[in-house]
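Chemist: Next up is a structure, given as structure tokens.
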Amino acid sequence: MPQQRVEVAALESIPIDKDSSIPAYLQIAEGLKAVLRGGAFPAGYPLPPERVMCEMYGVSRMTLRQATSILDREGLVVCQRGRGTFVAHPRLRKQQQELRSFTEEIRDRGGRAESRILSFDIVTPTREAAEFFGLSPDAKIYEVCRLRLNDGAPLAVERVRLPHRLCPNLERFDLEKNSLYRILEESYRLTMATCLEEISAEIPSAADRKLLDMPKGGAVLVVNRQTFTDIGQALEQARAVYRGDSYSAIVHSVRPRKA
């Protein structure tokens, strides 16, 4: 059998159970992980086009992209817009950082964390949010906006999105007195494993400047975060706007040992 046919057969052998409670994109991702880690494809090898793989598994492009994005985050493939998806070359992880809640972080820095709820809504997701969480257009998500304080002083405005199906009835918890991450872990048995954070300096909006009690001309540090569970489910989208004169980001990186 030609080598290319062997590789395609390995992809076709991935079972997808449409009646399972596990989303199709997670089933595809786990199957692709097993195939790639088994060495069926050499580094740099292009996976079949999206159209072919969607037909192979009977899913939409959005579902397939959810699966391949998990592999991209884990360094198994490289997704290149307009070119396709390629098997990644082995690479070293440069950055190592603890995934902590605001409460844990402030406590570890010696402060006293507080929260004030500014809004709490159950809404239909935007197209971007629906794609990120792998939701249908008529699904629901939570949108929570909180003012975060350190020792009584405003430090950040945090806006969080969460899929309703993973944490139903979240509104029964007091998010001013309880850590959201602790609620997700202890009450919903969700294990947060990884996150991606993009940090940038910006000029704050007038509303955020007022909430943070900032002088005119001050800058803010914006942290956009995407959080995933231990099985690769997209759990959280967050945007936190910090006072630039009161907060600094700490990244703990490690130098890999030479073999």
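Chemist: Mind counting the residues in segment 42-72 that are among the small types (Gly, Ala, Ser), in contact (Cβ under 8 Å) with a residue 24 or more places away in the chain and buried (at least 16 other Cβ atoms within 10 Å of the Cβ)?
Modeler: 1
Chemist: Go through segment 156-174 and report how many residues are part of a strand (DSSP E or B), open to solvent by less than 60 Å² (accessible area, probe 1.4 Å) and either out of contact with any helix residue (DSSP H, G or I) (no Cβ under 8 Å at 6 or more places or on another chain) or without any contact (Cβ under 8 Å) to a residue 12 or more places away in the chain (or both).
Modeler: Of the residues in that region, 0 qualify.
Chemist: Select from segment 117-151 the residues that are basic (Lys, Arg) and open to solvent by less than 20 Å² (accessible area, probe 1.4 Å) and write down the one among them that is modelled with the lowest pLDDT.
Modeler: ARG148
Chemist: Only residues that are open to solvent by less than 60 Å² (accessible area, probe 1.4 Å) and modelled with pLDDT under 80: list them for segment 79-110, please.
Modeler: Correct list: LEU99, SER101, PHE102, THR103, GLU105, ILE106.
Chemist: Would you mind stating whether ASP19 is closer than 17 Å to ILE231 by Cα and surrounded by fewer than 18 Cβ atoms within 10 Å (Cβ to Cβ)?
Modeler: No.
Chemist: Within segment 210-228, identify whether any single residue is touching a Ser or Thr at 6+ places or on another chain (Cβ under 6 Å) and either among the small types (Gly, Ala, Ser) or more than 30 Å from ILE28 (Cα to Cα) (or both), and answer yes or no.
Modeler: yes
Chemist: Select from segment 188-217 the residues that are assigned to a loop (DSSP other than H, G, I, E, B) and open to solvent by 60 Å² or more (accessible area, probe 1.4 Å) and write down the one among them that is farthest from ALA240 (Cα to Cα).
Modeler: ARG189
The values are calculated or read from the model by the stated rules, or taken from the named source; none is laboratory data. What you see is a predicted model; the values in this text were computed from it and never measured. Reconstructed Cβ throughout: ideal geometry from the backbone, glycine too, with neighbour counts over all protein chains shown. Note: areas computed on protein heavy atoms with side chains; ligands, DNA, RNA excluded. Shrake-Rupley method; radii C 1.70, N 1.55, O 1.52, S 1.80 Å.
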